[in-house]
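The values are calculated or read from the model by the stated rules, or taken from the named source; none is laboratory data. Everything numeric in this text was worked out from a predicted model, so none of it was measured. Quick reminder, even Gly has a Cβ in these numbers, built from the backbone with ideal geometry, and neighbours come from all protein chains shown. Remember, those area values only see protein heavy atoms, side chains included, never the ligands or the DNA or RNA. Shrake-Rupley method; radii C 1.70, N 1.55, O 1.52, S 1.80 Å.
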Amino acid sequence: MNELELIDALIERIASVNEGFQYKKPNSKTDELIGLNYFDFDLPAKRSVPLDSFPYIIARMTDGKAQSRDDHIVSITMIVGIYDDDLNHQGSKDAMLIMMRLRQDFFNNPIIKNGAVFDKSFEWDVIDDQPYPYFKLAITTGWNISAPQWSQHSEMT
């Protein structure tokens, strides 16, 4: 598994962990609830209205290192974005619940698609700028992947 395959597999995994949970949609006149949106690397281009992306989880690689020719460690940061206009900061609580679900799942099931292993590195941080009613939380995890094998005459194998 390479780094790009890890991002796709991780998004698939976090989507399954959060399946069935719904959150408020910005600018909804009917308090419509929807499932999370999932993005790799960043939100869609600014051409679209950014508020349409909420609620979301973004998964992006933040750094990595090769420990050997065949063993790599990749850090993935997930940004959880929740909209909630409840005056009791329910959006913060929802973001924390998402974090706790993911933490429990990664520790209980540390292997993704037989190609990446959770290295038990899990950190979370409430992003300082919390402009009500938008709430964000960052989760950083570490993953061990076996490096794809290269040859002089071919792409990755």
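Test R13 against the criterion of being assigned to a helix (DSSP H, G or I), of a type in the set (D, E, K, R) and either over 16 Å from A116 (Cα atoms) or in contact (Cβ under 8 Å) with a residue 60 or more places away in the chain (or both), and give yes or no. So R13 fits the description; yes. Contact map, the stretch 101-116: residues that are of a type in the set (A, V, I, L, M) paired with residues that are open to solvent by 90 Å² or more (accessible area, probe 1.4 Å) and modelled with pLDDT under 95, Cβ distance under 9 Å, separation 6+ or inter-chain. Pairs shown: A116/E5. Of the residues that make up the stretch 26-47, is at least one open to solvent by 70 Å² or more (accessible area, probe 1.4 Å), of a type in the set (F, W, Y) and over 12 Å from the mean Cα position of the chain (by Cα)? Looking for residues that are open to solvent by 70 Å² or more (accessible area, probe 1.4 Å), of a type in the set (F, W, Y) and over 12 Å from the mean Cα position of the chain (by Cα), one finds none in the stretch 26-47, hence no. Scanning the stretch 69-85 for residues that are touching a helix residue (DSSP H, G or I) at 6+ places or on another chain (Cβ under 9 Å) and β-branched (V, I, T) returns V74, I76, V80, I82.
Would you point out the residue of the stretch 92-138, among those that are of a type outside the set (S, T, N, Q) and at positive phi, that is surrounded by the most Cβ atoms within 10 Å (Cβ to Cβ)? It comes out as K113.
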